[in-house]
1. For the stretch 33-65, which residues satisfy the criterion of being polar (S, T, N, Q) and in a helix (DSSP H, G or I)?
2. Say whether the condition of being within 18 Å of the chain's Cα centre (by Cα), surrounded by fewer than 13 Cβ atoms within 10 Å (Cβ to Cβ) and modelled with pLDDT under 95 is met by at least one residue in the stretch 85-95.
3. Scan Lys72, Lys68 and give me the residue that is modelled with pLDDT under 90 and either in a helix (DSSP H, G or I) or under 30 Å from Lys15 (Cβ atoms) (or both).
4. State all residues of the stretch 1-25 that are farther than 23 Å from Ala71 by Cα and either touching a Ser or Thr at 6+ places or on another chain (Cβ under 6 Å) or at pLDDT below 95 (or both); if no residue qualifies, say none.
5. Of the numbered conditions (1) part of a helix (DSSP H, G or I); (2) without any contact (Cβ under 8 Å) to a residue 24 or more places away in the chain; (3) over 27 Å from the mean Cα position of the chain (by Cα); (4) surrounded by 12 or more Cβ atoms within 10 Å (Cβ to Cβ), His30 fails exactly one; give the number of that condition.
6. Name the single residue that is most open to solvent (accessible area, probe 1.4 Å) among those in the stretch 96-118 being assigned to a helix (DSSP H, G or I) and among the hydrophobic types (A, V, I, L, M, F, W, C).
7. Within the set of pairs 6+ apart or on separate chains, which have a first residue in the stretch 95-113 that is closer than 19 Å to Asn124 by Cβ, a second that is of a type in the set (Asp, Glu) and in a helix (DSSP H, G or I), and C-beta atoms under 6 Å apart?
8. Consider Val121 against the criteria (1) of a type in the set (Val, Ile, Thr); (2) open to solvent by 50 Å² or more (accessible area, probe 1.4 Å); (3) in contact with a helix residue (DSSP H, G or I) (Cβ under 7 Å, 6 or more places away or on another chain); (4) not in a helix (DSSP H, G or I): it satisfies all of them except one. Which criterion is unmet?
Amino acid sequence: MAKRKKRRKHFRHLKQPDRDRIHALLKSGHSQEEIAEILDVNPGTISREIKKRKRKNGIYDSTTAQQKAYAKRLNSKYQGMKIEKYPELRKYIIQELACEQHRSPDEIAGRLKSLGITPRVGANAIYKW
């Protein structure tokens, strides 16, 4: 009889109902492995969730966990991140914005592409930055 390979579960973000169930199951004394099986996620997901999102007093609360997850996701990517990461790109954009022609972000983004300057950013990123 051939052994079947264990299939990896697809990743998904936990949502408020998932966090509510984790909270209730932890309160009723279930282990992290049991909770993972019930929610059909990897046990590591439950472990990380509890570790990262518990309160300062060490107790996991679903409402607090949801607020922490929302704040983390909101702040994870901000516009202009690439511009700030590459000083040469930042310097070029400032130079082009301040030049005599006062180039628009659309022109700057187009020139980055035509001149082959990397990394490139889009006009929207320049506008928001």
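The values are calculated or read from the model by the stated rules, or taken from the named source; none is laboratory data. These numbers come from a predicted model, not from an experiment. Every residue, glycine as well, gets a Cβ built from its backbone with ideal geometry; the counts of neighbours run over all protein chains shown. Surface areas here come from the heavy atoms of the whole protein model, side chains and all, with no ligands, DNA or RNA. Shrake-Rupley method; radii C 1.70, N 1.55, O 1.52, S 1.80 Å.
1. Thr45, Ser47, Ser62, Thr63, Thr64
2. yes
3. Matching residue, one of Lys72, Lys68: Lys72.
4. The answer is Met1, Ala2, Lys3, Arg4, Lys5, Lys6, Arg7, Arg8, Lys9, His10.
5. (1)
6. Within the stretch 96-118, the match that is most open to solvent (accessible area, probe 1.4 Å) is Leu115.
7. Arg103/Glu96; Ile108/Glu96
8. Answer for Val121: the failing condition is (2).
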